[in-house]
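The values are calculated or read from the model by the stated rules, or taken from the named source; none is laboratory data. Everything quoted here is computed from the prediction, not taken from an experiment. Positions of Cβ are generated from backbone atoms using ideal geometry, with glycine treated the same way; all protein chains shown enter the neighbour counts. These area figures cover heavy atoms from the full protein model, side chains too; ligands, DNA and RNA do not enter into them. Shrake-Rupley method; radii C 1.70, N 1.55, O 1.52, S 1.80 Å.
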Amino acid sequence: MIYPIVKYGNPVLETPAEAVTEFDTPELHKFLEDMFESMYAAKGVGLAAPQIGISRRIAVIDPSAGEDPAKRLVLINPEIVRVEGAQTEEEGCLSIPGFREPVKRGRRVTVRAQNARGETFEKTGEDLLARAFLHETDHLNGRLYISRISVLKRDLIRRKIRKRVKAGDWE
Ligand code: NI
């Protein structure tokens, strides 16, 4: 099932999500499949559950955008455990379509998370993957990338979005 992507302005995106406590259930496996399907349909490389209106600490990532099944990654209850170096690249978000801004992030990042069976693992990523770990974990903490850019740029984006809301071009 493909869920519609929730857009900026919906409070679920700025609410810390709830921890997952039940693993390896048919519901969880189905939900993860739906998350990948929804992410691919939206042409994203990462998706957090609040972005489809479900306030749970679950994110999926696929830097290959569906080209390589081995690149699929499920992060449940993720925590960032190490950040090294720095990179500044343009970042966007499926919940804030039409906008991209440079965001400074760590270049090499280690995340600790659980998989669908509840097993804890750590994974280190660099560059795009490091950025995805940080961006998606931020989502689960109710934080959007535009909170990491200048106030001036953020206000400009908010103004443009308000216009689009009025024009009926944002929902
Ligand atoms: Ni996002």
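Sort the chain into rounded, prolate or oblate with this rule: let a ≥ b ≥ c be the square roots of the eigenvalues of the Cα gyration tensor; rounded if a/c is under 1.5, and if a/c is not under 1.5, prolate when a/b is larger than b/c, oblate otherwise.
Taking the square roots of the gyration eigenvalues as a ≥ b ≥ c, the chain is oblate.
Mind checking the per residue accessible area of the chain for me, 1.4 Å probe, whole number of Å²? It would help to have the intermediate numbers written out before the result.
On the way: 9010 Å² over 171 residues.
I get 53 Å² per residue for the chain.
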Exposure rank, largest accessible area first [Leu156, Leu13, Leu134; 1.4 Å]:
Leu156, Leu134, Leu13
Most fluctuating of Ala17, Ala116, Ala132 in the GNM of the chain (C-alpha, under 10 Å) is Ala116
Asp169 paired with Arg100, simple spin-label distance in nm, labels 7 Å along Cα-to-beta-carbon:
1.9 nm
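Taking all protein chains in place and a 1.4 Å probe, what share, in percent, of the accessible surface of the range 23-168 do carbon and sulfur account for?
C and S fraction of accessible area: 50 percent.
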Would you mind checking the range 13-32 for residues with the amide N under 20 Å from a putative spin-label position 7 Å along Cα→C-beta of Arg72?
23-32
Distance in nm between Val12 and Val83 label points, each 7 Å along Cα→Cβ, equals 2.7 nm
Nitroxide proxy distance, nm - points 7 Å out along Cα→Cβ at Asn141 and Ala116
2.8 nm
Identify which of Thr110, Thr25, Thr137 has the largest mean-square fluctuation in a Gaussian network model of the chain, with springs joining Cα atoms closer than 10 Å.
Thr25
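Using a 1.4 angstrom probe with every protein chain in place, what is the largest-first accessible-area order of Ser147, Ser64?
Highest to lowest solvent-accessible surface, that is Ser147, Ser64.
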Trypsin sites (Lys or Arg not before Pro), loop per DSSP, at most 11 other Cβ atoms within 10 Å - longest free stretch of the chain:
44-116
For the full complex of protein chains and a 1.4 angstrom probe, list His135, His29 by accessible area with the highest value first.
His29, His135
Residue among Val12, Val60, Val20 with the largest mean-square fluctuation in a Gaussian network model of the chain, springs linking Cα atoms under 10 Å
Val20
Do any GluC sites (Glu not before Pro) in the range 1-93 lie in a loop, going by DSSP, with at most 13 other beta-carbon atoms within 10 Å of their beta carbon, and if so which?
Glu22, Glu67
